[in-house]
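Participant: Dropping a structure here in structure tokens format, bear with me for questions.
Please treat every number below as a calculation from the coordinates, not as lab data. Owing to the predicted nature of the structure, the values given are computational and were not obtained by experimental measurement. Don't worry about glycine lacking a Cβ; one is built from the backbone with ideal geometry, like all the others, and counts go over all protein chains shown.
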Amino acid sequence: MANMHSTARPRTNAARICTILAFVFAVLALLLSPLIFGVIGLVLGIVGAVLGDKPLGWYAAAANVAAIILSLLIVSAIINN
């Protein structure tokens, strides 16, 4: 029981930095350019999750997808109105 190895990676500083940047890019995607900043934030969120920041990395990736969709909906509503 004591010799069981865990397959989960320990969280590193690089993982937390990628996750924080992903949340920043989610806000930028919502306010400025959804496709550019949203895709960058999505990639950073996935990288943060893979590097070991499991729940927050996936939340950051989901926040970027939501920001892309919401921003595109807002822009299309403004243009069509």
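Participant: Distance between Cα centroids, region 39-67 to region 9-31: provide it in whole Å.
Facilitator: 7 Å
Participant: For region 13-80, build the convex hull from the C-alpha positions and give me its volume per residue in Å³.
Facilitator: 50 Å³
Participant: A further question on this structure: Taking the Cα-to-Cβ direction at Leu31 and at Val75 and moving 7 Å from each Cα, how far apart do the two end points lie in nm?
Facilitator: 1.7 nm
Participant: While we're here: In deg cm²/dmol and to the nearest 500, what is the mean residue ellipticity at 222 nm of the chain if only DSSP H runs of at least 4 residues count, each as -39500 (n - 2.57), divided by the residue total?
Facilitator: Helix-only estimate at 222 nm: -27000 deg cm²/dmol.
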